[in-house]
Amino acid sequence: MAEQAAFYIISAIILGGAVAMVTSRSLVRSVVWMVTSFIGVGALFILLEAEFIAAVQVLVYAGGIVVLFLFVIMLVNLGDVQHEEYLQRQWLPALLLVVVLTAEVGFLLWAGSREHGEPSPEQIDAVLRGLDGNIETVGMSLYTDYLLPFEVVSVLLLVAMIGAIYLAKKRI
Amino acid sequence: MEGIGLNHYLLLSALLFAIGAIGVLARRNVILVLMALELMFNAANINLVAVSRFHPDLTGQIFSIFTITIAAAEVAIGLGLVIALFRNRDVVNVDEFNLLKG
């Protein structure tokens, strides 16, 4: 019962924050709503017993990425954006397309759950009890089974850093 | 009323993805388009972590770490492009980026 209440409250925070972010005219307000949504997603990860991902979510998204966005918004001086048109001309077709797509995904979820069902809570608990704790297991897995992708992703970060520095130079 | 299952999380993630997609398709400001893209990344992460919880296997969580890393790299490059575009063309609306149009 408590899990249900938590899930619905967190979902309301995530979706409300997302809708407010997309519809807000002021960019700084959009960023604040985005933080709301991201922290909600972090809370959802705690509900899913993925504490490490929750911590990374709050550190990287609510910490780093948001500050980056705020910096760029302050850097790119937009002047008076409140009064100019903030939607594309294609917004109505885009809305219809996304609604149809979401209805399709919802139908597939409904049909799939009727066909296959889900593992019982007892099965899930039996597997989870065998694990040490989220951070230890994730760390072990990351440094043994997934060592190569882990190293590759560090090279990717280096490439992104060099690219960002090059793009932000005075003259390209 | 039954408990919260995998489908609840998948539906939430689909809705979050839809809101992000509307943001990408309908907003003019390129910074907000990038922010809506982040929402879509988050929806994918919710999917990965929820599936790794309900079909117990940590692979989903490991992959969501990689997704977060790639999202961070993408934001750095994207915002670098925004700054470069603003410096050279003085616009931040996606429908005004028409340099490649013949």
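FYI, it's all coordinate maths here, none of it is from the lab. Here the structure is a predicted model, which is why all the values come from computation and not from measurement. Positions of Cβ are generated from backbone atoms using ideal geometry, with glycine treated the same way; all protein chains shown enter the neighbour counts.
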(request) Report, in degrees rounded to the nearest 10, the 0 to 90 angle that the Cα long axis of helix A:91-116 makes with the longest principal axis of chain A. (result) 0 degrees
(request) With springs only between Cα atoms under 10 Å apart, run a GNM on chain B and tell me which of B:50, B:84, B:71 wobbles the most. (result) B:84
(request) Within a 10 angstrom radius of each residue's Cβ in A:55-64, how many Cβ atoms of other chains show up on average? Whole number is fine. (result) 3
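Given Cα pairs under 8 Å that are at least 6 residues apart, what percent is the relative contact order of chain B? Intermediate values should be presented prior to the final figure.
On the way: 82 pairs, mean separation 27.5, N = 102.
Normalised by residue count, the contact order of chain B is 27 percent.
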(request) Could you compute the FRET efficiency for residue A:140 and residue A:29, with r as their C-beta to C-beta distance and R0 at 45 Å, rounded to 0.05? (result) 0.60
(message) Output needed: percent of Cα pairs per 5 Å distance bin for chain A, bins running from 0 to the one holding the longest distance.
(response) 1, 6, 8, 12, 15, 16, 16, 12, 7, 4, 2, 1, 0
(request) Measure nothing but the geometry: give the 0 to 90° angle between the long axis through the Cα atoms of A:134-144 and the longest principal axis through the Cα atoms of chain A, rounded to 10°. (result) 80 degrees
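Sorted by average packing, counted as other Cβ atoms within 10 angstrom per residue and highest first, what order do B:7-13, A:39-45, A:150-156 take?
Numbers: B:7-13: 20.1, A:39-45: 23.7, A:150-156: 12.6.
Taking the mean over residues of other Cβ atoms within 10 Å, the ranking is A:39-45, B:7-13, A:150-156.
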(request) Quick one: compute the contact order of chain A, relative version, from alpha carbon pairs under 8 angstrom and 6+ residues apart, as a percent. (result) 16 percent
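If we count other beta carbons within 10 Å of each Cβ, what is the order of A:33, A:91, A:110, fewest first?
Numbers: A:33 19, A:91 15, A:110 12.
Ordered from fewest to most neighbouring Cβ atoms within 10 Å, A:33, A:91, A:110 come out as A:110, A:91, A:33.
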(request) Can you tell me the FRET efficiency between residue B:101 and residue A:113 if r is taken as the Cβ-Cβ distance and R0 is 51 Å, rounded to the nearest 0.05? (result) 0.65
(request) Using a 10 Å cut-off on Cβ to Cβ distances, tally the other chain neighbours for every residue of A:18-27 and report the average as a whole number. (result) 5
(request) Scan the range B:17-102 for chymotrypsin sites (Phe, Trp or Tyr not before Pro) in coil per DSSP, keeping those whose Cβ has at most 14 other Cβ atoms within 10 Å, and list them by number. (result) B:97
(message) Just to confirm the number: angle between the C-alpha axis of helix B:59-89 and the first principal axis of chain B, 0 to 90 degrees, nearest 10?
(response) 10 degrees
